Amino acid sequence: MTGSSPLAPNGQSIAARLSNMVVGHMSSYTGRGPTRAWTSIDEDLICVVLRDTLTKGERSLVADNRSQLVLDMRKAYQNTMRHDLVGGVEEITGRKVIAFLSDNHIDPDIAIESFVLEPIAQIDPTRGHGQ
């Protein structure tokens, strides 16, 4: 998977499938998905960058100098979404996620979802993923 994103059977790249999956979950959990997303894949790391993620209510809180409340709320969403996001990445890539890291930035409005995959060298083909 290094540097490129092969096409999945439906003709969509793995990177596009990952971006769409994360945007879909974000929309389901918050009521609004980001307007832009892109995914970078390199060896054992997948990073999904999301832009324009804040809801109208969150933007209103930021305007009222309540940015920390918005960041805390976003962290809670990300912790709640963790299982769905990790499961989606594992399903799309066929690899085990060993770490999930997530954070938000208010200005500019950017979020990042990062997934560290189990190194291929540690995969035991006789037992599936892991050791």
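The values are calculated or read from the model by the stated rules, or taken from the named source; none is laboratory data. Just so you know, these numbers come straight off a predicted model, no measurement behind them. Please note: Cβ atoms are built from the backbone with ideal geometry, for glycine as well, and neighbour counts cover all protein chains shown.
Restricting the range 25-40 to residues that are small (Gly, Ala, Ser) and surrounded by 14 or more Cβ atoms within 10 Å (Cβ to Cβ) leaves a set whose member that is modelled with the lowest pLDDT is Gly33. On inspection, Gln68 fails the criterion of being assigned to a helix (DSSP H, G or I) and at pLDDT below 95. Contact map, the range 3-21: residues that are closer than 21 Å to Arg36 by Cβ and in a helix (DSSP H, G or I) paired with residues that are modelled with pLDDT of 95 or more and among the small types (Gly, Ala, Ser), Cβ distance under 6 Å, separation 6+ or inter-chain. Pairs shown: Ser19/Ala37; Met21/Gly88. Every condition in (1) charged (D, E, K, R); (2) modelled with pLDDT of 95 or more; (3) under 27 Å from Ile120 (Cβ atoms) is met by Glu43 except one, and the failing one is (2). Please go through the range 82-131 and give me each residue that is in a helix (DSSP H, G or I) and either modelled with pLDDT of 95 or more or surrounded by 15 or more Cβ atoms within 10 Å (Cβ to Cβ) (or both), ordered by number. Listed by number, the residues that qualify are Arg82, His83, Asp84, Leu85, Val86, Gly87, Gly88, Val89, Glu90, Glu91, Ile92, Thr93.
When the residues of the range 48-70 are filtered to those that are crowded, with 16+ Cβ neighbours inside 10 Å and within 17 Å of the chain's Cα centre (by Cα), the one that is farthest from Val116 (Cα to Cα) is Leu54.
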